[in-house]
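A short reminder: the numbers here are calculations on the coordinates, not readings from a lab. Bear in mind that the values here come from a model prediction, so they are computed numbers and not experimental data. FYI the Cβ positions are ideal-geometry reconstructions off the backbone, even for glycines, and counts take in every protein chain you see.
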């Protein structure tokens, strides 16, 4: 025998007021509630009491309660270039499963913007569709003073220098360049048709 249902008839939970008991659904007691917006909805008592449900769903449609609508940049079907750049940069630094994590978060690059608003206030809107987010100091973090919108050319010029060549002496590098210069050029072989 289960425990008795908690009577919440007439109680208020956020924007919802309980009108009547609707009975058991599985092991859960359900209640008919009316929202302040006028919508009626049947909900479980446990969701109401825990605070998991405190409106018919209209609360999430109010901009002040839903971060996705605060800046209007990440609505489901119209994510902006700016929000995509923010989310991608953050993922590269914080998500170890992201394909680019080893080159960013994996080598110590941090994403130090707390919110999208903070990021967009620093960097502004993209000047064109061809611009993408770039760190001014390549080995620095995504942080205030170190991010900008850059063209492909600027990004290429700003790439980090790979450390592999530093293990060679000047003589070894010169010898390799001479060897390559004197090497036979590749010859193209044309396909021979069968006889």
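Of note:
- Cα convex hull volume per residue for the range 12-61 (Å³): 65 Å³
- Sorted ascending by nearby beta carbons within 10 Å, beginning with the fewest, 42, 147 become 42, 147.
- Segment residue 36..residue 159, full-extension length gain: 38.7 nm, with 0.36 nm per residue of separation and the alpha-carbon distance subtracted.
- √(5λ) per eigenvalue of the Cα gyration tensor, the range 69-157, largest first, Å: 20, 16, 13
- In this structure, residue 25 and residue 136 have a Cβ-Cβ separation that, at R0 = 45 Å, corresponds to a calculated FRET efficiency of about 0.20.
- Förster radius 25 Å - calculated FRET efficiency between residue 81 and residue 107 (Cβ-Cβ, nearest 0.05): 0.45
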